[in-house]
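First up is the structure itself, then whatever we jot down about it.
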Amino acid sequence: MNADIFGKDKKPISGCIGCGACKKGLGKCCIDDVVNEFVLKAAEADGYIFGSPVHYAAIGGAMGAFMDRAFYSGGKSMAVKPEPDSCRRGGASAAFDQLNKYFTINNMPVVGSQYWNQVHGNLPEQVLQDAEGLQTLSTLAKNMAWLLKCIEAGKNAGIACPVPEKVIRTNFIR
């Protein structure tokens with residue numbers, strides 16, 4: 001499945017307001033926009049590719065708002081599905097770390113390559129000049145295809161996905 005969730009209508013994405021409606025039987029975010037569309041499609045997907053420009057050594061604001069709401073409202077439907085990242089220029093390692101936290105906290109295998117999954121360039125033409133970055137993403141694509149095939153082969157062999165344990169929350173303020 002290939003879904004450009006932003007499509008042609010690049011409308012603003014609101015940040016999470018912490019109301020908890022998505023956890024109270026609604027099954028989706030109370031803000032009805034592209035995030036809910038993605039969460040519905042996410043349950044059907046085998047894996048995901050997320051990318052973001054780097055702003056002040058962090059993912060872009062719209063991407064942060066999207067990720068917060070998508071993973072808070074639909075994270076369980078995305079567990080155990082592989083995901084690679086792409087970033088740009090200085091601060092990319094911090095943005096790479098920020099994105100990966102969404103995936104690892106939701107039991108998602110993160111696909112690796114021979115270097116961090118990033119390319120450098122401000123414009124598409126500049127990205128195409130980043131030979132190392134393009135090779136890294138080529139290897140990443142091969143690794144993701146291989147992992148998806150392994151997951152499918154495991155399912156066909158009767159190997160079930162791990163069942164998440166009931167989460168234990170510890171409050172360190174006593």
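The values are calculated or read from the model by the stated rules, or taken from the named source; none is laboratory data. Not measured: the values here are computed from a predicted model. Ligands, DNA and RNA are stripped out before the accessible areas are found, and what is left, the full protein with its side chains, is counted by its heavy atoms. Shrake-Rupley method; radii C 1.70, N 1.55, O 1.52, S 1.80 Å.
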Quiz prompt | the chain: radius of gyration over Cα atoms, expressed as a fraction of 2.2 N^0.38 Å | solution = 1.10
Quiz item: Where in the chain are the helices, taken as whole DSSP H runs, whose Cα atoms extend 30 angstrom or more along the long axis and whose Kyte-Doolittle mean reaches at least 0.0?
Solution: 131-156
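Can you give the relative contact order of the chain as a percent, counting alpha carbon pairs under 8 Å and 6+ residues apart?
Averaging sequence separation for qualifying contacts and normalising by length gives 17 percent for the chain.
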Quiz item: Within the set K41/K149; K28/K166; K11/K101; K41/K81; K23/K155, which residue pairs have Cα atoms separated by over 18 Å?
Solution: K41/K149; K28/K166; K11/K101; K23/K155
Self-check item: Helix-only mean residue ellipticity at 222 nm for the chain, each DSSP H run of n ≥ 4 adding -39500 (n - 2.57), per residue, nearest 500
Solution: -12000 deg cm²/dmol
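Excluding ligands, DNA and RNA, what is the solvent-accessible area per residue of the chain at a probe of 1.4 Å, expressed in Å²? Walk me through the numbers on the way to the answer.
Working: 11280 Å² over 174 residues.
Counting only protein heavy atoms, the per-residue value for the chain is 65 Å².
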Quiz item: Got a number for the accessible area of I168? Probe 1.4 Å, square angstrom, nearest 10.
Solution: 150
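Take the solvent-accessible surface of the protein heavy atoms, probe 1.4 Å, and return the percent of it on the chain that carbon and sulfur atoms account for. Write out the running numbers ahead of the final one.
On the way: 6460 of 11280 Å².
The C+S portion of the solvent-accessible surface of the chain is 57 percent.
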Exercise. Show the residues, 5+ positions off or on another chain, whose built amide H is closer than 5 Å to the amide H of V111.
Key: E83
Quiz item: How are the Cα pair distances of the stretch 123-174 distributed, in percent, across 5 Å bins from 0?
Solution: 4, 14, 11, 11, 10, 10, 11, 10, 12, 6, 1
